[in-house]
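Comments concern the structure below.
The values are calculated or read from the model by the stated rules, or taken from the named source; none is laboratory data. Worth saying up front: this structure is predicted, and the values here are computed from it rather than measured. Virtual Cβ from ideal backbone geometry, glycine too; neighbours counted across all protein chains shown.
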Amino acid sequence: MWLWIALSMMVIEGLSFWTGHITQAQLTVAVVFPSLLLASLFTPVRLIIAIFFLVALGLACVAIAQAPFRGTHRWCLLGDWRINVSVPLVVATVLSISAARSVRIKLLFTALSTLILVATASYSSALLLVAVVCCCSSPTAGRQQAVRLAAFILMAMVVATIVATPNRLRRLHQHAQGSGYQTTQVRNVLGQLRIVGPSRGAYLHLPARKTDFALLDIMAHCGVSAGIAVLGSYVAIFLFLKQISCGLPNPADEIIAASAATVALVVFFHLLVNLSLLPPFGVPAPSLGAGLSADLSYKTLICVCVAAQYQAQAACYVARPVTNSYASADPALMPPSGGG
């Protein structure tokens with residue numbers, strides 16, 4: 001099953017590499033990824049998630065304490081490195097919530113991460129986080145009702161913050177009217193796409209072509225068929241993750257199911273943005289487009305899913321009771337009981 005997920009990721013990353021979206025640092029991560037995957041199999045899942053969450057939370061706090069970069073606190077500046085803290089915090093929080101047993105811990109992680117994302121002006125990432133929490137919280141489970149209710153309350157708070165921000169309101173109004181540079185260029189490219197082959201140079205003026213509009217840029221370079229191949233690969237990854245999560249004991253099933261929901265929602269919003277049905281969402285899709293922090297976050301998510309399945313199956317195998325090998329055998333073949 002994981003082989004098919006790896007092949008789907010190779011299709012996406014291959015098209016990203018062909019169109020020049022993957023940076024040298026991302027190529028290095030792709031080379032060492034099998035070693036990281038092997039190491040994660042023998043590391044406790046909760047330890048991986050705890051380290052990932054603490055690192056993401058620390059980077060976000062450093063970004064808030066630093067001076068604004070590009071008008072927001074979304075970037076953590078460490079020397080020559082510029083780290084976008086929104087995607088790592090979202091992925092780390094989703095994994096932490098799915099692995100936590102206590103409802104209070106789930107509520108604390110959700111509220112804390114949402115407030116930090118709002119403080120860094122990562123409103124889209126905050127909406128993504130609470131949307132994943134709403135999808136992963138089963139309405140039939142009594143203990144999950146509080147988490148779902150809190151997620152809806154946080155979503156209302158984030159939406160209210162966006163409405164109260166004049167810049168966000170102006171961008172939404174421009175997008176609804178079809179005006180603005182980004183909206184105009186995106187719709188221009190959409191009108192010139194071909195089934196196979198590049199469009200006639202319209203993608204040269206496409207804004208954020210390596211992040212927000214990476215899928216549209218691939219379709220502009222290679223045709224709509226390439227975009228369908230990318231979306232098909234994402235659908236395959238989602239279905240395989242859902243199938244793997246079925247039948248696994250907690251918390252492995254919750255971790256993999258939450259990862260599948262994260263991939264599905266990110267790709268869904270990314271598709272709507274690239275079809276000009278939403279303004280730029282600001283969250284790159286997995287393995288698509290430039291962005292080392294996002295790429296590392298999604299690869300960590302895959303490592304955690306693989307480790308969760310491997311360790312859950314190993315625990316079930318060790319805990320399996322030993323049965324009598326003669327139980328189903330012919331009574332005549334069983335050894336005599338008692339002394340001769």
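Brief remarks on what is shown
- Of everything in the stretch 205-237 that is β-branched (Val, Ile, Thr) and touching a helix residue (DSSP H, G or I) at 6+ places or on another chain (Cβ under 7 Å), the residue that is modelled with the highest pLDDT is Val230.
- Residue match in the stretch 289-297 (condition: assigned to a helix (DSSP H, G or I), modelled with pLDDT under 85 and farther than 21 Å from Ala99 by Cβ): yes
- Evaluation of Gln26 against (1) in a helix (DSSP H, G or I); (2) under 22 Å from Gln311 (Cα atoms) (one fails), failing number: (2)
- When the stretch 41-55 is filtered for residues that are touching a residue at least 60 places away in the same chain (Cβ under 8 Å) and either of a type in the set (A, V, I, L, M, F, W, C) or under 17 Å from Ala100 (Cα atoms) (or both), the ones remaining, listed by number, are Leu41, Pro44, Val45, Ile48, Ile49, Phe52.
- When the test is whether a residue is at pLDDT 85 or above and in a strand (DSSP E or B), Cys61 does not pass it.
- Hits in the stretch 119-136 - residues which are in a helix (DSSP H, G or I) and either under 19 Å from Val62 (Cβ atoms) or among the aliphatic types (A, V, I, L, M) (or both): Ala119, Ser125, Ala126, Leu127, Leu128, Leu129, Val130, Ala131, Val132, Val133
- Which numbered condition Ile83 misses (of (1) modelled with pLDDT of 90 or more; (2) touching a Ser or Thr at 6+ places or on another chain (Cβ under 6 Å); (3) of a type in the set (A, V, I, L, M)): (1)
- Hey, Thr23 hydroxyl-bearing (Ser, Thr, Tyr), free of Cβ contacts under 8 Å to residues at least 24 places away in the same chain and within 23 Å of Val263 (Cα to Cα) or not: no
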